[in-house]
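Only one structure is covered here, and it is reproduced in the block below.
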Ligand SMILES: NC(=O)c1ccc[n+]([C@@H]2O[C@H](COP(=O)([O-])OP(=O)(O)OC[C@H]3O[C@@H](n4cnc5c(N)ncnc54)[C@H](O)[C@@H]3O)[C@@H](O)[C@H]2O)c1
């Protein structure tokens, strides 16, 4: 199969690209390198089955052109940073929701019907049910990021209904592993590299969160797309303490807390 991967130079995308190539597929990566890194694609570049197109998903003509001849689209390109949404309210709408609309339109024009989409557990806001099932009610959205991803899900399911697309929506929790480049564990790491004796965390330090190792996440994604009709999957794990779980990282540092969460 020939896969088109938006955001294929990013943390999750580049790991997915490597797995697809290992499985013998052809892969086209489409990325604007806003947060992606060329060095994540060094292995992939060695394969004759790999092609890189540098472009922006908001550029519909270029996107449509690049997608020609592909069988399946993994759409991972996004503003993946949940923080700071209220500081730039248009960003999540443009980079996530409008970008996803462009991807769906480029697929429609190219008669490509299968899409795998990286949504997020953030769309559950602050869930009251643990473990949170796929059909848990969506509480009030707590971030512009989560709201924009929920809108993406709506567009994808509408294209499934309206244009007979086949959609696989993956609601990821915090993914960790090789090429991890952003998020609170990354921030902890940087702070502890500067001073291994102190770690300041936001909130009261009692928060819990779910994490998933990147290769386990990709095992699930690649298994799911072998199934004929799956819509939404919440890829999660049991919640763990954000401070106590990464004990090897934190070591014997003194934890101080701040009121902001
Ligand atoms: N990392 C996580 O824990 C996590 C959790 C939940 C959901 N997700 C979702 O998974 C996807 C991948 O996340 P990630 O952690 O690998 O992020 P990342 O920032 O490492 O990767 C995003 C990639 O998309 C590219 N990109 C961004 N905007 C683009 C645009 N307009 N046009 C073309 N390319 C563009 C970036 O250059 C980058 O390579 C995102 O959709 C994110 O929302 C990630």
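Structure data summary
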item	result
Any hit, region 55-74, residues being farther than 19 Å from residue 106 by Cβ and near the ligand (Cβ under 9 Å from one of its atoms)	no
Close pairs (7 angstrom Cβ cut-off, 6 or more residues apart or separate chains): touching a residue at least 40 places away in the same chain (Cβ under 8 Å) and assigned by TED's automatic domain parsing to the domain that holds residue 72 in region 20-36, away from the ligand (no atom under 14 Å from the Cβ) and not in a strand (DSSP E or B) anywhere	28/70
Residues of region 34-73 satisfying the condition of being crowded, with 20+ Cβ neighbours inside 10 Å and outside any loop (DSSP other than H, G, I, E, B)	40, 41, 44, 50, 63, 66, 67, 72, 73
Qualifying positions in region 175-229 - touching a strand residue (DSSP E or B) at 6+ places or on another chain (Cβ under 9 Å), in contact (Cβ under 8 Å) with a residue 24 or more places away in the chain and part of a loop (DSSP other than H, G, I, E, B)	177, 197, 204, 205, 206, 207, 210, 225, 228, 229
In region 17-34, the residues that are touching a helix residue (DSSP H, G or I) at 6+ places or on another chain (Cβ under 6 Å) and near the ligand (Cβ under 8 Å from one of its atoms)	30
Given (1) at pLDDT 75 or above; (2) surrounded by fewer than 15 Cβ atoms within 10 Å (Cβ to Cβ), index of the condition residue 210 fails	(2)
Qualifying residue in region 3-16 (condition: over 20 Å from residue 214 (Cα atoms) and away from the ligand (no atom under 13 Å from the Cβ))	no
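The values are calculated or read from the model by the stated rules, or taken from the named source; none is laboratory data. Given the structure is predicted, the values throughout are model-derived calculations rather than measurements. In this analysis, Cβ positions are derived from the backbone assuming ideal geometry, glycine residues included, and neighbour counts consider all displayed protein chains.
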